[in-house]
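A short write-up of the structure that comes next.
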Amino acid sequence: MNKKTYPLIEYVEALAITGGVALFTFSEKASTNTDTRVDTYYGAGLLVLYLFCDSFTSQWQSRVFKQYSIDQFQMMLGVNIWSILMTGATLLQSGEMFTSMAFILGDNRAFSHMTVLSITSATGQLFIFYTIKEFGPVIFTIMMTTRQVFSLFVSCLLFSHQLSTLGWIGSLAVFFIVFNRIYRKGSD
């Protein structure tokens, strides 16, 4: 999208990280329940769609940063205006706009939770846009993939979920590739 090419090693690393994440994700024991398997494939399809959209979005945002020389605050304003318009249209179309507003205005606890969520989300968005602008979409995508695998890994440890040998191999492969990339870039 940005007419940028990358060395072959970066494509190999991206495929290896994807393979490690897939190995980690699918390492759970297969269920004999057909509904569970269908849900797993449906979930995997949604995950692939999410990764595609996530990769496209950061590439597109990088292009907008370069082409229009905007800062992260302007990008955040634009993204949030579109989000408000699309969410508002969906709420109006479904007839849930006024019910949702009444609930939020009538429940102080829900309102305070939404306020905290909004503040932390806005702060996170600023860091995301800054990272994409300063370091590029590839670094951002690697950071987010590593964060997601690390979160899953920590969740397995905290909640005593059993991690199979393939799960360990997948998670260690992702961390090894990412740290090797950092080491390689640091020595360049």
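Looking across region 101-126, the residues that are over 30 Å from SER58 (Cβ atoms) and surrounded by 10 or more Cβ atoms within 10 Å (Cβ to Cβ) come down to MET101, ALA102, PHE103, ILE104, LEU105, ASP107, ALA110, PHE111, SER112. Would you confirm whether any residue within region 127-137 is modelled with pLDDT of 85 or more, in a helix (DSSP H, G or I), surrounded by 12 or more Cβ atoms within 10 Å (Cβ to Cβ) and aliphatic (A, V, I, L, M)? Yes, region 127-137 contains at least one residue that is modelled with pLDDT of 85 or more, in a helix (DSSP H, G or I), surrounded by 12 or more Cβ atoms within 10 Å (Cβ to Cβ) and aliphatic (A, V, I, L, M).
Name the single residue, out of those in region 11-53 being under 19 Å from VAL174 (Cβ atoms), surrounded by 13 or more Cβ atoms within 10 Å (Cβ to Cβ) and not hydrophobic (A, V, I, L, M, F, W, C), that is modelled with the lowest pLDDT. Taking the candidates together, the pick is GLU28. Restricting THR141, THR146 to residues that are among the hydroxyl-bearing types (Ser, Thr, Tyr), farther than 24 Å from ASN80 by Cβ and in contact with a helix residue (DSSP H, G or I) (Cβ under 7 Å, 6 or more places away or on another chain) narrows the list to THR146. Looking for something touching a residue at least 60 places away in the same chain (Cβ under 8 Å) and among the β-branched types (Val, Ile, Thr) - is there at least one such residue anywhere in region 124-138? Within region 124-138, one or more residues are touching a residue at least 60 places away in the same chain (Cβ under 8 Å) and among the β-branched types (Val, Ile, Thr). In this entry, GLY88 is excluded by the filter for residues that are exposed (fewer than 10 other Cβ atoms within 10 Å of the Cβ) and either touching a Pro at 6+ places or on another chain (Cβ under 7 Å) or over 24 Å from ILE177 (Cα atoms) (or both).
The values are calculated or read from the model by the stated rules, or taken from the named source; none is laboratory data. Please read all numbers here as calculations on a predicted model, not as lab measurements. Heads up, the Cβs are rebuilt from the backbone with ideal geometry, glycines too, and the neighbour counts pull from every protein chain shown.
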